[in-house]
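The values are calculated or read from the model by the stated rules, or taken from the named source; none is laboratory data. As the structure is a computational prediction, the values presented were derived from the model and not from experiment. Ideal geometry is used to build each Cβ from the backbone, glycine not excepted, and the neighbour counts take in all protein chains shown.
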Amino acid sequence: MHQSAPVGAKPPLVIGDVDHRHLVSLAVAMEKRAPEVSQALLAELDRAKVVPQHKVPARTVRMGSTVRFSTNGAAERRVTLVLPGDADIDAGRISVMTPIGAALIGLSTGQAIRWQARDGREQELTILDVEPPAEGG
C-alpha cells in the first residue's frame, strides 16, 4: 500500500514521547555542527503526532528500528536507525542526524516522503517494511 501525500505535502508521522524528547535535545545540541540536518529533524519532530512510547505502532520507524526502503522507486536498502555515536554505514546503521535518517523517523510501512540528499538532489523514499527495535533497544 503506497500512501502518497499530495504534491508538496508530507505524510503524517508518529513518534513516541521518549524518542521525541531525546531527539529534540539531540537536534538542538547538534545545531552548530550540522545546522541543515538539525533544522530538518526539528521540523519533522514539530509536525509529528507524539504518542506514549508504548503506543507507537509496530510498523513505524523509531530509534533502533530496522527499515527496508526504496529510493526513487528503484534501489532498495535495509538500515537500522541509530544515534550518531552508534552509526556505522558499513554495518547498515545510519544516524538520525543525517538527511535520510531525519526523513525516516516517524514514517510507517507504505508511506513515501521526498527529502533532499547532502548533494542537494531531491529524492523520494518509500518505506517497504519496518522491524521494531530489539527488546531493550
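Here is how the numbers come out for the structure above:
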{"item": "Sole residue being more than 21 Å from His22 (Cα to Cα), crowded, with 21+ Cβ neighbours inside 10 Å and not acidic (Asp, Glu), chosen from Ile127, Ile105", "result": "Ile127"}
{"item": "Among (1) within 18 Å of Leu42 (Cβ to Cβ); (2) not in a loop (DSSP other than H, G, I, E, B), the one test that Arg62 misses", "result": "(2)"}
{"item": "Scope the stretch 3-28; condition of a type outside the set (A, V, I, L, M, F, W, C), modelled with pLDDT of 75 or more and more than 20 Å from Phe69 (Cα to Cα); matching residues", "result": "Gly16, Asp17, Asp19, His20, Arg21, His22, Ser25"}
{"item": "Selection within the stretch 110-128 - touching a residue at least 60 places away in the same chain (Cβ under 8 Å) and either over 15 Å from Thr71 (Cβ atoms) or out of contact with any strand residue (DSSP E or B) (no Cβ under 9 Å at 6 or more places or on another chain) (or both)", "result": "Gly110"}
{"item": "Candidate set: the stretch 45-103, residues that are free of Cβ contacts under 8 Å to residues at least 60 places away in the same chain and polar (S, T, N, Q); chosen: the one farthest from Val130 (Cα to Cα)", "result": "Asn72"}
